[in-house]
Amino acid sequence: MFKLTSLNLNGLRSATAKGLPDWVAQLAPDCICVQEIRVQHGDVEKGRFEQLAGLQGYFHFAEKKGYAGTAIYTRHVPSQVRIGWGDAEFDAEGRYTELRFDTPARKCSIISVYFPSGSSGQERQAAKYRFLDRFFPYLKALARERAFILCGDINIAHQEIDLKNWKGNVKNSGFLPEERAWMSKLLDAGAAGGGLIDIYRTLYPDATEACYTWWSNRGQAYAKNVGWRLDYHLATPALAAAARAAAIDKSRRLSDHAPITVDYDFTL
């Protein structure tokens, strides 16, 4: 069994201070994909954050200090590490880390991705649309080449079931019609066309309040569970078929996001 976790940390320093290493040690995943790490190469060079509960870290740092960034911590040695996906604008923000675990018999990747948020204004929403426009064909091409599981903060709630107050958010970033249509296109493309599978929603098609992974810091949203499902495992069909169970852990607040863990019936 392969246990894979994803969590937007809202800062690696902050999450570490809140007990991230102990939580990971107790969970004992094979691999954890993290987003919004907000640390730089120099922090790791100084011996901080290089490992997490015995897992080795691989990082994509944002050029801007204290901003974005992604990483993957793993107990397995990758055959190749890919930092960035070849887009100058968004690679500068540290939004893509891919570990390849290839053998003569198969090609397999684990990917940590942090999609842009458009909630801070029109300029960032425009950047989010640029990201979506460019990332879709990249994912389709990658899915034709290899099996992969993409984990991350997608910053899109796909369906009405994926957030508490959907009627009040139809004009807000994260639930805009264009964003939801992009998700539908990605998930509906089919195996031959490079389509991906939404693991959590496939396992639990009717889950509502239990599915939320992010809560605003305003208005006691967490206490009232007024949340959004923004964090996903998206997998190519063969790997998706190996998913056995998924869990969203709300027992400990390490971030404004909750971690989502999936058990897959395969080994690297």
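Read-outs: derived from the displayed coordinates by stated rules, not from any lab. The structure displayed is predicted, hence computed values, not measured ones. All Cβ positions, glycine included, derive from the backbone under ideal geometry; neighbour counts span all protein chains shown.
Database remark: amide H of Asn8 closer than 5 angstrom to the amide H of Gln35 (H placed geometrically; neighbours at sequence offset of 5 or more, or on other chains; Pro and chain starts carry no H). If a/c stays under 1.5 just call it rounded; otherwise compare a/b with b/c (prolate if a/b is bigger, oblate if not). Do that for the stretch 68-221, with a ≥ b ≥ c from the square roots of the Cα gyration tensor eigenvalues. It is prolate, given that a/c is not under 1.5 and a/b is the larger ratio. Using a 4.7 Å Cβ-Cβ cutoff, the cysteines of the chain lacking any partner cysteine are Cys31, Cys108, Cys211.
Along the Cα-to-Cβ line of Asp265, 7 Å from the Cα, sits a label point; which residues in the stretch 226-240 have backbone N less than 13 Å from it? Inside the label zone: 239-240. Not counting the cut sites, what is the longest span of the chain without trypsin sites (Lys or Arg not before Pro) that DSSP labels loop and that have at most 10 other Cβ atoms within 10 Å? The longest uninterrupted stretch comes out as 66-170. Here each label is just a point 7 Å from Cα along the line to Cβ, and for Glu45 and Arg253 those points are 3.6 nm apart. The alpha carbon gyration tensor of the stretch 43-83 gives principal lengths a ≥ b ≥ c with a/c of 1.5 or higher and a/b no greater than b/c, which makes the shape oblate.
Each part gets one Cα centre, and for the stretch 208-268 versus the stretch 146-186 those centres are 14 Å apart. Short to long, the 5 Å bins of the Cα pair-distance histogram for the stretch 67-125 hold 4, 17, 23, 20, 15, 10, 6, 4, 2, 0 percent of all pairs.
With a Förster radius of 25 Å applied to the C-beta separation of Arg13 and Ile83, the computed FRET efficiency comes to 0.75. Between Ser119 and Lys140, the contour length at 0.36 nm per residue exceeds the alpha carbon distance by 4.9 nm. Once the Cβ-Cβ distance of Asp91 and Gln26 is raised to the sixth power relative to R0 = 35 Å, the FRET efficiency obtained is 0.55.
Extension gain, Asn169 to Ala223, is 17.5 nm, computed as 0.36 nm per intervening residue step minus the present C-alpha separation.
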